Each structure stands twice: as C-alpha cells, then as structure tokens.
Amino acid sequence: MFDFAGQRILVAGGSSGIGLASAQMAAQYGAQVTIAARSPERLTKAVAQIGHGAQHAVLDLIDAEAVARFGETSGIWDHIIVTGSDVKIAPVRDLPLPDARQAFDSKFWGFYHLARSARIAPGGSLSVVAGFLATRPVAGRALMGAINGALESLVQGLALELKPVRVNAVSPAVVAGGMWSHMSQEDQAAMYARIGATYPAGRVGAGEEIARQLLLLAATGYATGTIVTLDGGASIA
C-alpha cells in the first residue's frame, strides 16, 4: 500500500503514542524517519524502537524561534506528520487559565509554527491529528472541541495557501496509549472499556490505526484539504 523509499518524513511528537506508531510504520515502508519531541530521553528510547536508521531532533513546537531555526537547518521534507500535544482536559470553569492557554499553544500553535517554518517538497504533505470533538461537542470538553475545530479550519486554509504542498488531518476519538500513559494500566483498561462501549465500533482506537490513515493521506497525491474522521463511530453515537 505504501512506498516511502528514499523519502524524508518528520514525525513531530514521534516519541510516543500515535506519533511513534506513525514513525515505526513509515520506517518499515522505507522512509528516512526523523522524530521530534521535547524530551531527549524519550527520543533516544523511541529511536531504538523504530530502528531502520531513524534519527531524532529535540524540538519544542511552542517555541516559534526554535521551530524557525529548525526549518532553516533541517532541509526539505517529503512529508511531515504532527501528532504531539500537551493538553489537560476539564470543564472551562474548572480548568485554570494557564492550563487552557498551554493546551491551545501546544496543539494549535505548535502545528501553526511548523506549518509556517518547515520546508516541504512540492507535492509533499503536512498532516496533523485533530479530533472528533471539532464537530461532536461534549460537555466538559469544550476547549478541546475549540482547538480541534481551529485545527481543522487551519488545515483547509493551509491547503489553499501552501499548494502544491498538501495539507490534511485525521480526527479520532479516544485512542489507547499516548496521552493516557500517566494512568495505571488498570485505570486505562477500565476507561477504554467504559468509553469504547459507547462507540458503535465497540472499542477505542489503536495508535497504529490512526498512523495508517496518516500515512495513507501522505501517500495519496489527490488528498489535500481533507479531514478524515476516524472515531469508531463516536461522532454519530
């Protein structure tokens, strides 16, 4: 299905979760993979897991100047996938304002900075993980819905501004791993079972499933301005 032989792919947020799954899959299909994240220790561990000559770059997407320097010095990419973010989820009146601003900085402005500064080959692609809450509001998740909605709108605008570079997004519901890694395995399993039971698919997503869709968008030259909702049916439940 995929052939990324000789292509340079950057996965921002590639040290864990959907990003790590995307990097591993891209490397298996021949890509020259670089993962970027803030933690040198997590990056080193992830590179060992990926293998295939993967490289890493310590990069904080919130730091616009650092992203600009990275864009100037890292060369031209065939595809960039942005998956990482640092967000806290709570109702608007319960979430401290600094945490709310940090969430928007991390998930929206981080992607914006990379879209503004990274160099991508013509016909290449830029993809981001948004979320189904953009179109399926849920009480207690209003901020996440707003961030995801802003990302989806930005993706479609960028598809017009950056052409012939293609820009796309995948919007999942709850995906196992990644942002839930701070919880115990028992608590994770209980949460996945509870939430998954409310989805028509009967379960939450897996990082590999979202990664496969991200790579499919990268490999499909006809895909741009595309928002793929991959949520186990959560948005229609």
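For the stretch 77-88, state whether one or more residues are more than 14 Å from the chain's Cα centre (by Cα), within 23 Å of W180 (Cα to Cα) and surrounded by fewer than 17 Cβ atoms within 10 Å (Cβ to Cβ). Working first, answer last.
Quick first cut of the stretch 77-88, residues more than 14 Å from the chain's Cα centre (by Cα) only: 77-78, 88.
Filter once more, keeping what is within 23 Å of W180 (Cα to Cα): 88.
Then drop every residue that is not surrounded by fewer than 17 Cβ atoms within 10 Å (Cβ to Cβ), which leaves 88.
Yes, the conditions are met somewhere in the stretch 77-88.
Residue-by-condition table, conditions (1) of a type outside the set (S, T, Y); (2) in contact with a Gly (Cβ under 8 Å, 6 or more places away or on another chain):
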{"position": "A142", "(1), (2)": "yes, no"}
{"position": "A146", "(1), (2)": "yes, no"}
{"position": "V170", "(1), (2)": "yes, no"}
{"position": "W180", "(1), (2)": "yes, no"}
{"position": "A201", "(1), (2)": "yes, yes"}
{"position": "E208", "(1), (2)": "yes, no"}
{"position": "T220", "(1), (2)": "no, no"}
{"position": "I236", "(1), (2)": "yes, no"}
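Among the residues of the stretch 71-84, is any within 20 Å of F108 (Cα to Cα) and of a type in the set (F, W, Y)? Before you say what the answer is, go through the steps one by one.
Taking the stretch 71-84 and keeping what is within 20 Å of F108 (Cα to Cα), we get 71, 79-84.
When the remaining residues are screened for being of a type in the set (F, W, Y), the result is none.
Looking for residues that are within 20 Å of F108 (Cα to Cα) and of a type in the set (F, W, Y), one finds none in the stretch 71-84, hence no.
Among the listed residues G221, G232, G202, identify the single one that is buried (at least 17 other Cβ atoms within 10 Å of the Cβ), of a type in the set (G, A, S) and either part of a loop (DSSP other than H, G, I, E, B) or under 19 Å from the mean Cα position of the chain (by Cα) (or both). I'd like the intermediate steps shown before the answer.
Details: G221 fails: buried (at least 17 other Cβ atoms within 10 Å of the Cβ); G202 fails: buried (at least 17 other Cβ atoms within 10 Å of the Cβ).
Going through G221, G232, G202 in turn, the sole match is G232.
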Original post:
Hey, among A173, A193, which residue is over 22 Å from V67 (Cβ atoms) and crowded, with 22+ Cβ neighbours inside 10 Å?
Top reply: A173
Original post:
Within the stretch 176-190, how many residues turn out to be polar (S, T, N, Q) and surrounded by 15 or more Cβ atoms within 10 Å (Cβ to Cβ)?
Top reply: 1
Subject >> Residue ID - farthest from L162 (Cα to Cα), chosen from residues in the stretch 89-135 that are buried (at least 22 other Cβ atoms within 10 Å of the Cβ) and among the polar types (S, T, N, Q) >> reply: S127
**OP:** Could you figure out which of (1) at pLDDT 95 or above; (2) within 17 Å of the chain's Cα centre (by Cα); (3) among the hydroxyl-bearing types (S, T, Y) isn't true of T73?
**Re:** (2)
Original post:
Within the stretch 142-165, is even one residue out of contact with any helix residue (DSSP H, G or I) (no Cβ under 9 Å at 6 or more places or on another chain), farther than 24 Å from A211 by Cβ and in contact (Cβ under 8 Å) with a residue 60 or more places away in the chain?
Top reply: yes
**OP:** Consider E208 carefully, then state whether it is of a type in the set (D, E, K, R) and either buried (at least 18 other Cβ atoms within 10 Å of the Cβ) or more than 22 Å from A21 (Cα to Cα) (or both).
**Re:** no
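The values are calculated or read from the model by the stated rules, or taken from the named source; none is laboratory data. On a predicted model such as this, the values are computed, not experimentally measured, just so you know. Quick reminder, even Gly has a Cβ in these numbers, built from the backbone with ideal geometry, and neighbours come from all protein chains shown.
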